[in-house]
Structure formats: C-alpha cells, structure tokens
Amino acid sequence: MDNDLRELYQQVILDHNKDPKNFGKLEKCNHDSEGYNPLCGDRIHVYLQVEDGVIKDIRFEGSGCAISKASASMMTTLLKGKTLEEAEKLFAEFQQMITSDLSKPVDLSKMGKLAVLAGVREFPSRIKCAGLPWHTVKAALEDKDRVVSTE
Ligand code: ZN
C-alpha cells in the first residue's frame, strides 16, 4: 500500500471510531443477529428493518476493535436503503476485496469508500475484524438464531 492510502486508511478508521454512524439499538426491527470474533474479542449486534425487500433501517451496537467498528459504521451507512439483492452483491464484493491478494488493485468504482478497508490485507489477522459485521448482517437476513462466529 502506498503512503497516501495508508494514511487515508488510518484516518478513516479513526474517524469512524470517534463518531460511529448508526450506532445503538434499533427499536423497530424485524431481523437481528449477533456476531463474535474470538480471535480479537469483537462482539457486534446488528438490527435491521426490512420492508418490501429493502433495508429501510439498520443499526449496530457492541464492542470491538477499531477495524470492526469502522467496518460496521461504513457498512450500515452503505446498506441503508439498499435492496436485499444489492446488499448481497456488495457483501460478495467486499468479501472478495478483503481476501484478495495484496498485489491486486482495488476497484474504486465498485467499492467507493469501502476501498480503504482493503488496507486490512496487510494485516491478515484483521480480515476477520473487517468481515465480522458483514457476516452478522448476512446471518440476520437469513434469520439464523445462533451467534455467528468467525471461527
Ligand atoms: Zn477486531
């Protein structure tokens, strides 16, 4: 990663930690799930209100490292207003990005702001932190009751 992107990565993570978006319980929700990443100790609970195949509202709460929180903050911002199909596509693209080879350039037109999270590729133990919120949302939408674990 070049220095500019590394600085941006750190800045974005810091900003989302200081002021996470959509943080807190969603009182009116019809899907929710809990996720846990035992390697790092990240815990997250996501809440979604889905109507007519569209994510009308989404919030999260929990405690975790800076990466998991920043990822959840960015994810909730992006998923609000998306159809379930769009959400599924974004999940797949995000998962592909954070697990791709470091030498592979990130498609900025597809990933937008999420592209900074490609920075976790330099720190393999952080990939699960970044992916946790997404896996948890997926489980919530599939109405799985058990706690999602990255292990
Ligand atoms: Zn973590």
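A few remarks follow.
Every residue, every condition in (1) in a helix (DSSP H, G or I); (2) closer than 17 Å to His135 by Cα; (3) more than 16 Å from the ligand (Cβ to nearest atom), yes or no:
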position: Tyr9; (1), (2), (3): yes, no, no
position: Asp15; (1), (2), (3): yes, no, yes
position: Ser33; (1), (2), (3): no, yes, yes
position: Arg59; (1), (2), (3): no, yes, yes
position: Lys89; (1), (2), (3): yes, yes, yes
position: Gln96; (1), (2), (3): yes, yes, yes
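- For Gly53, the requirement of being within 28 Å of Lys28 (Cα to Cα) and either among the hydrophobic types (A, V, I, L, M, F, W, C) or within 16 Å of the ligand (Cβ to nearest atom) (or both) is not met.
- For region 106-124, the criterion of being buried (at least 17 other Cβ atoms within 10 Å of the Cβ), within 13 Å of the ligand (Cβ to nearest atom) and within 23 Å of Gln11 (Cα to Cα) is satisfied by at least one residue.
- Just so you know, in region 95-105 the residues that are touching a helix residue (DSSP H, G or I) at 6+ places or on another chain (Cβ under 6 Å) and surrounded by 13 or more Cβ atoms within 10 Å (Cβ to Cβ) include one that is farthest from Ala72 (Cα to Cα), and it is Met97.
- Of the residues in region 41-50, none is touching a helix residue (DSSP H, G or I) at 6+ places or on another chain (Cβ under 7 Å), assigned to a helix (DSSP H, G or I) and more than 16 Å from the ligand (Cβ to nearest atom).
- If the condition is being within 13 Å of the chain's Cα centre (by Cα) and free of Cβ contacts under 8 Å to residues at least 40 places away in the same chain, then region 119-151 contributes only Ile127.
- Residue identified as buried (at least 19 other Cβ atoms within 10 Å of the Cβ), hydrophobic (A, V, I, L, M, F, W, C) and farther than 21 Å from Val116 by Cα among Leu48, Leu39, Leu84, Leu79: Leu48
Where a number appears in this text, it was derived from the coordinates with a stated rule and is not lab data. Just so we're clear, the structure is a prediction, and the values are computed from it rather than from any experiment. Methodologically, a virtual Cβ is constructed for each residue, glycine included, from the backbone with ideal geometry; neighbour enumeration extends over all protein chains shown.
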